[in-house]
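The values are calculated or read from the model by the stated rules, or taken from the named source; none is laboratory data. This one's a predicted model, so the numbers in the text were calculated from it and none came from an experiment. Here the Cβ positions follow ideal geometry from the backbone for every residue, glycine too, while neighbour counts run over all protein chains shown.
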Amino acid sequence: MVPILGKPVMEYIIEHLARYGVKDIMVNVAFNHWKIENYFGDGHRWGVNIGYAYEGAREHGEIVPKPLGSAGGMRRIQDFSGFFDETTIVLCGDAIIDLDIKAALFEHKAKQALASVVTLEVPRDQVKNYGIVVADKEGRVQSFQEKPSPEEARSTLASTGIYIFEPQVVDLIPPGQEFDIGSQLFPMLVDKGLPFYAQSRFFNWIDIGRVADYWAVCQRVLRGEIAQMDMPGKEVRPGVWVGLNTRVDWDSVKITGPVYIGSGSCIEKGVTIEGPAWIGHGCRLREGSKVVRSVLFEYTRLGEGAVFDEVVASPVYCVDRQGRTTYQGDETTALRWGDARA
């Protein structure tokens, strides 16, 4: 649900699936499930049908999230309704992709695979961030390495968390228990010698699993490097977009694009904004404050003279690009910010 250009990551995924004619989408939810369900509803706005499977249990009188793992959740859905009785594509919800789904399905069928994992070549010095797939020259999966060091890695094919499964694969998942796709289901497929293939494709896979990833992705998107992700609002100066009902002291501010300023935001005199930067709706940048290559979520207020440099900030917290978090009201930091609604 983290926003890119004001839109949740999962919305880009659903739009992409809809473009390829995928109409029936089940979403495994647990923590903060209501945020996803309230936003996406039944999916009719995107021309799809969306259903939800909540994973939780009653503990000490309260309903609490209790995920069954990526594979265990699939088996639970299958036992309930038979949803996986056809060839199914499975996606993680924290990445933006432009995969040619039609081509991936064609290769899956052509190889008569029971399971396919879509992979992407990554630089060897980055293999420590991914699950690595080892396959033979025909693409048949032989083994996996979970975040190996560059020296230990036997491949540079990273699993993208995009899978294609036949119903027989779901039948192998033990019912009623926590079970993981990468660390348990896939080794089982290899041990059984089943037709399990890696597809090596060239496509944009923008992983947003960490704060550092999110910051880097926002920078790329704001620079216009990602296709089909256009800046909202109206371009009032070269590289500067604004939403409705913004108030900016244009005579005294210094703004270097690309920058987006959301609706209802107020940029006071003497403010400096160095892009790529995203200022969410309802924000207030007080006199003399400075924003450098940062993302401000909606209703964030910066104090006079505050400097926010390469961070992601909300009215409550501020996270730097390495993932260090500071909370509003912390007297040990020089940063001063708060909620613009106050």
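Listed by position, the strands (runs of 3 or more DSSP E) inside the stretch 1-72 whose residues that are closer than 25 Å to Ile101 by Cα number at least 2 are 24-29, 49-54. Checked against the criteria, Asp79 does not count as surrounded by fewer than 20 Cβ atoms within 10 Å (Cβ to Cβ), modelled with pLDDT under 95, in the same structural domain as Leu17 (by TED's automatic domain parsing) and not in a loop (DSSP other than H, G, I, E, B). Within the stretch 110-123, is even one residue more than 23 Å from Asn204 (Cα to Cα), in a helix (DSSP H, G or I) and not acidic (Asp, Glu)? There is at least one residue in the stretch 110-123 that is more than 23 Å from Asn204 (Cα to Cα), in a helix (DSSP H, G or I) and not acidic (Asp, Glu).
When Ser294 is tested against (1) touching a residue at least 60 places away in the same chain (Cβ under 8 Å); (2) closer than 30 Å to Val122 by Cβ, exactly one condition is not met: (1).
Residues in the stretch 263-292 that are assigned to a loop (DSSP other than H, G, I, E, B), buried (at least 20 other Cβ atoms within 10 Å of the Cβ) and among the charged types (D, E, K, R): 1 in all. Scanning the stretch 116-132 for residues that are buried (at least 20 other Cβ atoms within 10 Å of the Cβ) and either in contact with a His (Cβ under 7 Å, 6 or more places away or on another chain) or farther than 24 Å from Gln184 by Cα (or both) yields a single hit, Ser116. Of the residues Ala110, Ala95, Ala135, Ala103, the single one that is free of Cβ contacts under 8 Å to residues at least 12 places away in the same chain and aliphatic (A, V, I, L, M) is Ala110.
With respect to (1) of a type in the set (Ser, Thr, Tyr); (2) more than 25 Å from Asn28 (Cα to Cα); (3) in contact with a Phe, Trp or Tyr (Cβ under 7 Å, 6 or more places away or on another chain), the lone exception for Thr88 is condition (2). Among the residues of the stretch 56-77, is there at least one that is within 21 Å of Ala115 (Cα to Cα), hydrophobic (A, V, I, L, M, F, W, C) and more than 21 Å from the chain's Cα centre (by Cα)? Checked the stretch 56-77: at least one residue is within 21 Å of Ala115 (Cα to Cα), hydrophobic (A, V, I, L, M, F, W, C) and more than 21 Å from the chain's Cα centre (by Cα).
Please specify each residue of the stretch 280-323 satisfying the condition of being among the hydrophobic types (A, V, I, L, M, F, W, C) and farther than 13 Å from Trp337 by Cβ.
Selection gives Val292, Val295.
Residue count for the stretch 94-115 under the criterion of being modelled with pLDDT under 95, surrounded by fewer than 20 Cβ atoms within 10 Å (Cβ to Cβ) and in contact with a Gly (Cβ under 9 Å, 6 or more places away or on another chain): the result is 1. Looking at Gly243, Gly275, Gly282, just one residue is over 17 Å from Leu222 (Cβ atoms) and in contact (Cβ under 8 Å) with a residue 12 or more places away in the chain, and that residue is Gly282.
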